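**Q** First the structure, then my questions, so here it is.
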Amino acid sequence: MTKIPTRHMFKIGISQYYQPIQFSLLDDKIFNNSSLTLGYEFKFLPSVSAAVSAHLPFYSAEIPGKYVSKSIVYDAQLRWFFDMKKRIRKGQSANNFSGNYLAINYTLPGTHVIWENEPTIGLKAGFQRRLLNSGFVDYAFALQQRSLSFRYGLFYFWQFSTQISYGFAFGDWKRARKHPLCDVLLCDENIQHQWKYKIPEITLGYHLYRVRLGAAYEHKIKSSPFSLNFQYDFNITKGYSYVKQPANYMAYDTYGSDNTKELSQFFTFQPRYYFLQKRNQMAGRGGNGLSGIYTGINAELGVYFGKHNIFNDLKFRRNTLYTGALFGFQQRLFRHGYVDFNTSYNFKHEFRQSENSSGFRGNLGLGFAF
């Protein structure tokens, strides 16, 4: 879709975006630090566009609805696709939204937390790609100033973060009758093993330091549809986070905003069975790779340590074992991209508290594969 002219694009999807206050790692779920995003982008010059978007965090069901609308983040950008003219001249692209860009942006977090309710200005460097007829992915590095008047000085209150959005896109382009699937998906590849690295989530600012990293290794068992997937996730945060707890002087019903220091690690082992692989091979719709719908077993060990400052320090240590049935989908993108989404229903055992429970867990991996 890089050679189809486009001037208007509406976007709906998921973003790992700047939020007024992050969720604590103690209450870590797949979508806790992601948002539903709605956006519109207009191209008024071949290399320049204006983009606006809104980002609504996926709140826990226990946070009252009256606070949801106050935590929407609004964003406006003026983008310069600096290599667009050269790509058009060489016939590598058309006047559309696929390319590398620099941007000036203005962000307004609508939050009920007074000291966080300040608009920001900043710069972004990123890339955006259209995927087939109705998909997009947008990744950027952002540097934002949280005091528009610079009242704390020129070098204070800057925040650096990575930001990614992906989902569905709709616009004024003609839909292609034949999808160039193998331009996007890695087709007919005989992959025996692969290393997978999640796109990192990084926020470095005055009120929040947060890093979330993940890596996995998957090995196919000979030519069978079975594989073994080993995964490691590392998360560290320091700053203000939503923490579920009894009411205190800063609490909003069952959640409060506390200054936290947290570290969590997850060690995951998943035997997988790609149960449609043989049928797709016989129908000529796939190779002998590690892509497709799979089922299997999820075995996961979570290690957590956190210190939460309310009136005094509260320390939490948790070692948790999850085991259960697994269902998911994985697909290689382009040459070295991948997406891996799975959910599992697990028996949960916490060693220190000797407590048992059960419930669903999810995992979303989007990044690079080799």
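Nothing in this text is a laboratory measurement; each read-out follows from the coordinates by a stated rule. Computed from a predicted model, the values in this text were never measured in an experiment. Cβ coordinates were reconstructed from backbone atoms using ideal geometry, including for glycine residues, and neighbour counts include every protein chain displayed.
**Q** So, counting K/R as plus one and D/E as minus one, what does the shell of residues with Cβ under 12 Å around residue 152 add up to?
**A** Residues near residue 152 contribute +1 overall.
**Q** Please give the peptides 220-229, 270-279, 350-359 ranked by average Cβ packing (other Cβ atoms within 10 Å per residue), highest first, as a rough proxy for protection.
**A** 270-279, 220-229, 350-359
**Q** For a quick protection proxy, order the peptides 10-16, 150-156 by their average other-Cβ count within 10 Å, most packed first.
**A** Highest mean packing first, the order is 10-16, 150-156.
**Q** Please give the length that would be gained between residue 355 and residue 335 if that part of the chain were fully extended, namely 0.36 nm times their separation in residues minus their C-alpha to C-alpha distance (nm, one decimal).
**A** 2.7 nm
**Q** With respect to the cross-link table entries 85/238; 43/238; 11/278; 70/238; 85/196; 307/348, which display a Cα-Cα separation exceeding 32 Å?
**A** Among 85/238; 43/238; 11/278; 70/238; 85/196; 307/348, the Cα-Cα distance tops 32 Å for 85/238; 43/238; 11/278; 85/196.
**Q** Next question. Can you tally the net charge around residue 7? Count Lys and Arg as +1, Asp and Glu as -1, for every other residue whose Cβ sits under 12 Å from the Cβ of residue 7.
**A** -1
**Q** Now for a different question. Which length gain, in nm to one decimal place, applies between residue 370 and residue 303 when the Cα-Cα distance is subtracted from 0.36 nm times their residue separation?
**A** 21.3 nm
**Q** Run the numbers for residue 132 and residue 321: contour at 0.36 nm per residue of separation, minus the present Cα-Cα distance, in nm.
**A** 64.1 nm
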